[in-house]
Every structure is written in C-alpha cells, then in structure tokens.
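Readers should treat all values here as calculations from the given coordinates under stated rules, not as data from a laboratory. Please read all numbers here as calculations on a predicted model, not as lab measurements. Here the Cβ positions follow ideal geometry from the backbone for every residue, glycine too, while neighbour counts run over all protein chains shown.
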Amino acid sequence: MKEGKIVKVSGPLVVAEGMEESNMFDVVKVSHNNLIGEIIKMENDRASIQVYEETSGIGVGESIHPTGMPLSVELGPGMLTSIYDGIQRPLDRIYESIGKNIERGIEVNSLNREKKWAFKPKKNIGDKVRSGDIIGTVQETRIIECRIMVPYGIEGKIKDIKSGEFTITDIICIVVDENEKEHEITMMQKWPVRKPRPIKQKLSPNDMLITGQRIIDTFFPITKGGTCAIPGAFGSGKTVIQHQLAKWADADIIVYVGCGERGNEMTEVLTEFPGLIDPRTKESLMNRTVLIANTSDMPVAAREASIYTGITIAEFYRDMGYNVALMADSTSRWAEALREMSGRLEEMPGEEGYPAYLSSRIAEFYERAGRVACLSSDEETREGTLSVVGAVSPPGGDIAEPVSQGSLRIVKVFWGLDANLAYKRHFPSVNWLTSYSLYKEKLDKWAKENISEEFVILRNEAMKILQEEAKLQEIVQLVGIDAVSSKDRVTLEVARLIREDYLAQDAFDEVDCYTSSRKQAKMMKLIFEFKDALSNAVENGVKVDDYIKLDYVSKIGKAKLVEESKVDEEFKKIEDSIKPETEKLMKGLE
Ligand code: ADP
Ligand code: MG
C-alpha cells in the first residue's frame, strides 16, 4: 500500500497525509522504527494515528506504512498463562528474551509459533460445518481445553482433517464451501478488537457468579454474564476486590486487565498472580487466566486498546462455551487515555474534558458481556457467558463524574465503595445502603434452588435490619444510646453482628478470604438464632449489655474463621450452647 508522510507529532498522536488508501481503525507502522499505531480519525487523505509506543524522536516528514488491517488479536491455544500488554504483545516472552526495557518497534508474535499442541479432531471428513463449530480440541493447560472453532465466515464440508501434534499455524483442517472453494483452517484465528465477536443469540443471565465474598453473594450478587461497576476512592479496596474475584469467582476463565493506579501495582499483579494456586484445582491460577498489563511507564494509547484486547480474548473463550469473567482495573485509566487522545485531536470536549462519546464507548464495552447462545450450526448448541466487572476511580471518590455515571447507566450491579468504611478498616468497604444488584430478584430464585429458601428469607430480613440500624443510629446520635428502647437495642446489636461478623471479610486471611454459599447460609442462620435468643432474653428482663458478653456470642464472631470442613461440627457446638448459656444468665437474675 501507498506510504503516508507525517505532518504533525503530538505525544502519542501522529497526523499523516497521503493516507487515502487506509481506513478508520487500520493499523499502521510509524517511521522506520516501525512503531505500531492505529488510525482513529480519517479526513480525506489525512489520518490521525494513535501510537502505542513512545513517539519521542519521531518527526515531521517521516513515513507511515499502512497495513490495511484493523487492530486485531491472535486467538488460539497459548493465551492462557500469558501476560500481554495492551496490544497483545507477550510481556513474559519479551522480558525473557530482551529484558524489561522493551525496544520500540519490536515485533513479536502474540502466540508462540513453535510450540506444538496435540490436536484431537472431533469431526470427520465429509461432515458439514459452519462458523463456530468445534472441529477438535487441544489441552491448552492442565485444566482447560481449547476448543478449535471454524472461523467466522467459513461454511462447508470437511475435505481433510488431521490428528496429532501441530503448531498454531499448521493447517489442521480443510473445508470446501458450496462454490468448491477450499478454506484452510489452523488453530489460530484473528479478530479485530473493536468489533464484538458474533453470537447466535443473547440470552438472559440466570445463574449466580459465586464469588465467595459474603457481602457480594448475599446482598449484591452478580450473574454469570452480568455487568458490574465498582466505583471507589483511592485506597477504598477496588483492586483487592478485583483480585478476590480473579482468585475465587467460579468462572472457568479469567481475563484480568490491569491499568495500574500506582506505579508498582501492576508489578505486584505480575509477580503475585503466577504464584497463586487455584483452591479448587490445586493448580496455578494462571492456568485459567490471561493477564493484560499496562504498567504506568507504558504509553497512554496502549491503555485505550487494552480493554478491547481483553474483551476480545474473553469473548473467544465464551464462544467455546466457557464461563468467562473479565476484570478491568481501573476503567478510569482507560477513559483518561480516551480523554487525552480526544484532546490532542482537538475534539469538542464534553463534561470534565471527556469526549462526548465517552458514555457510548462505556456502554459498547459493557454490552459485550452477557450469556449467549454461541455461534455454531443448529445441531451444536452451546452456551457461554462473559461477566464484566469494572473498577472506576472517581477523583476524590465522588461518583458524580462522567466515568462513574456512564458506567452506572449501563451496568446492572453497583458495588459502591465507601471511604468511611475503608477508613474504619471495614473491608470490603461495599456500602450496603447504596449498593444494588438488579439481578437480585432473579437470583432469589437461583438461591432458593441452589442454597436454601431460608437463606433468601434471612438475607432479606438482614438487609431490613441494616436499614433500620441506619435510622436508629441517627436517633442515638441525638438522644444517646440509653434513651433507645430495648427492642431497638436488640436491632442495633444484631446489625452490629451482621456488619462486623458477617459483612467484614479479610481478603488476606487464609480461611476468611472465601466463604462458600453453604457456609454463608449457616453463618446467617447463627446470627438469627442469636437474634431470637437475645429478643427472648430481653423480654424476660435481661440487659442487652449483659447478654452480649455470653461466651457463644463471641464465638459467632469467630464463625467466619471456621474452616469449611469443620463448619457443621463447630457451628453445632455454638448452637448447642445458646440455650444453656442463656438459661444460666436468666437464672442468675432471679
Ligand atoms: P484501591 O484499589 O481502591 O485504591 P486497594 O484495593 O489497593 O484500594 O486497597 C487498599 C488497601 O485496603 C489494601 O492494601 C488493604 O490493606 C486494604 N483492603 C482492601 N480490601 C481489603 C479486604 N477485603 N481485606 C483486607 N484488607 C483490605
Ligand atoms: Mg487499585
């Protein structure tokens, strides 16, 4: 294709003329350094290009080489366990070969071209296939098989299919279409990141994404295929929640897109994640994980691309029929990249300098989540889900700003992090009065079937108690605790137990970091047994202050630290001591 000439360089933005053969979103190579850029604006022959690498030293008059291809990712076996930058360059392999100082213009394939994978065909010669059909599998990691699908746009009869060890560029299958044209299929396919991968149909998400985080699973659950935003001030616990989800959520595949707030935050992810063990499979968590990392020293434009790179990889595993969860931390860093590019393009700024299309970009991103009927022929129905959880970092923690508002308009779950709770070291600092889940009703049905009917009743009751507590606290502030009726004192005590012993959860404690739904239900039940016993005792003249000193009450406080395997035994001991301890106290009063 015809080369263009640079007429302007402004940080990550380069403007070039003579680009009439290129299209919007095409990738270009900038100057003889071959820096990777993407066209983000076209006016006649003039292209504005966002460059994903440092542009210092690049000057007017240098050449631009169009590739005629949109910014795409390579999809195929080998993505799991990988660590990529925002445009899918494999950081782990680059670090290995050339160290941490990535040279500009370096060309590395996203997927390993040498590695051989054992391909097991699932189709036979003569079979009819359509886009999305699974023609075979390879064991990508010890726990995940990569299902090799017929790429989009190909349909026909299998003329040849192989079995054995192949690289991702070897031809493993030939499909002949109705015009007798032959299509060679490899284990790798490419997809332009800004375009959602096609599906057969969107379905309504019905199942809970189990996170093991009590406040989430109990009060503000998210579905498999759901969307969620976590706005919170600096230090309120966004990253810890995202890490908890990456570690514990019962998704098959995790795609973690990190745009670090702090300089060393991504380095922590890069060093910590590979060492983590999946509690369920006892294998390295990386076996089900793809990491996209933007360290703070990487150019701003790469951040803009990273969430698209991440979600396209996530969609690819969804298309295989997996439950995928994507975490983006923080989407504000992405929006700021968008704002910076928009400013350099001299576009008309919208609210707070963000471009007017900010909310539509946010919406487009979250709309790629969902539960879907995957693309395939009708005989081969399968479902996949893609859940998306985005952290938002509003400056000063005030969510009346464009990125938070744009996110909240589109997502169905809102975990509002509260700086006051974080200050008091109540973690996760999810505010139980302002947060919500629009999946709650739907998931009540799920919880009744999969946890218990009682749990659904108790959790609704618990929320009422917390709401009542908030009102009572205002009264207590005015008139003092002594003026509160004993019935209200009971409410306040039960609410305190719910907050401190149930909702507060230490992400760094070996046992507390994850609580199964079964244990959550049992913990909830214990709290309500306490409530009944306390109410009864108070009616019989016992003082709340005396009652809460009972031994078993402090044991409820430690119930969260009881290992899952000992829950039945240990909780029974607590329950069995309620009656005798209460009776002993009442006897003493006579
Ligand atoms: P943010 O990403 O919102 O800036 P972080 O996720 O880094 O905040 O959290 C800040 C600090 O708060 C953590 O380093 C940790 O000490 C504490 N923290 C947050 N959540 C928890 C949790 N669930 N359990 C224990 N400590 C937590
Ligand atoms: Mg953070």
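Quick look at the values:
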{"read-out": "Protection proxy ranking, peptides 311-319, 397-405, average beta carbon neighbours within 10 Å, highest first", "value": "311-319, 397-405"}
{"read-out": "Radius, Kirkwood style, for segment 380-465 when every pair of distinct Cα atoms is counted (Å)", "value": "15.4 Å"}
{"read-out": "Positive-end residue, the chain charge dipole about Cα centroid, Cβ charges, pick of Tyr423, Ile292, Met188", "value": "Met188"}
{"read-out": "For segment 81-201, Kirkwood radius (reciprocal of mean inverse C-alpha pair distance, Å)", "value": "16.1 Å"}
{"read-out": "Highest-first arrangement of 37-43, 375-381, where packing means the average Cβ count within 10 Å", "value": "37-43, 375-381"}
{"read-out": "222 nm mean residue ellipticity, helices alone, for the chain (DSSP H n ≥ 4; -39,500 (n - 2.57); rounded to 500)", "value": "-10500 deg cm²/dmol"}
{"read-out": "Reciprocal mean inverse distance between Cα atoms of segment 501-558 - Kirkwood radius, Å", "value": "12.8 Å"}
{"read-out": "Mean-position separation - Cα centroids, segment 485-503 and segment 311-354, in angstrom", "value": "42 Å"}
{"read-out": "Cα-only radius of gyration and Dmax that characterise segment 4-70, units Å", "value": "9.9, 27"}
{"read-out": "Whichever aspartates and glutamates have a C-alpha closer than 13 Å to that of Lys525, once near sequence neighbours (fewer than 8 apart) are set aside", "value": "Glu453, Glu454, Glu461, Asp501, Asp568, Glu575"}
{"read-out": "Qualifying aspartates and glutamates (Cα of each under 13 Å from Cα of Lys120; at least 8 residues distant if same chain)", "value": "Glu140, Glu145, Glu165"}
{"read-out": "Using θ = phi - 60° and Karplus 6.51 cos²θ - 1.76 cosθ + 1.60, couplings along segment 27-44 (whole Hz; Gly, Pro as x)", "value": "8, 10, 9, 9, 6, 5, 6, 6, 5, 7, x, 9, 6, 10, 7, 10, 9, 6"}
{"read-out": "Long pairs among Lys115/Lys190; Lys440/Lys579; Lys238/Lys558; Lys471/Lys579; Lys487/Lys522, criterion Cα-Cα beyond 27 Å", "value": "Lys440/Lys579; Lys471/Lys579"}
{"read-out": "Relative contact order, percent, segment 477-581 [alpha-carbon distance under 8 Å, six or more residues apart]", "value": "34 percent"}
{"read-out": "Compactness of segment 386-541 as Cα Rg over 2.2 N^0.38 Å, two decimals", "value": "1.18"}
{"read-out": "Kirkwood hydrodynamic radius (C-alpha pairs) into Stokes-Einstein, segment 455-587, 25 °C and 0.890 mPa s, D in µm²/s", "value": "158 µm²/s"}
{"read-out": "Spacing of the two label points (7 Å from each Cα toward its C-beta) at Phe508 and Lys195, in nm", "value": "4.7 nm"}
{"read-out": "Space enclosed by the convex hull of the alpha-carbon atoms of segment 31-93, per residue, Å³", "value": "115 Å³"}
{"read-out": "Fraction of alpha-carbon pairs over 32 Å apart in the chain - percent", "value": "53 percent"}
{"read-out": "Protection-proxy order for peptides 25-36, 168-179, 382-393, 270-281, each taking the mean of Cβ atoms within 10 Å per residue, highest first", "value": "382-393, 25-36, 168-179, 270-281"}
{"read-out": "Per residue, the convex hull volume that the Cα atoms of segment 282-357 enclose (Å³)", "value": "117 Å³"}
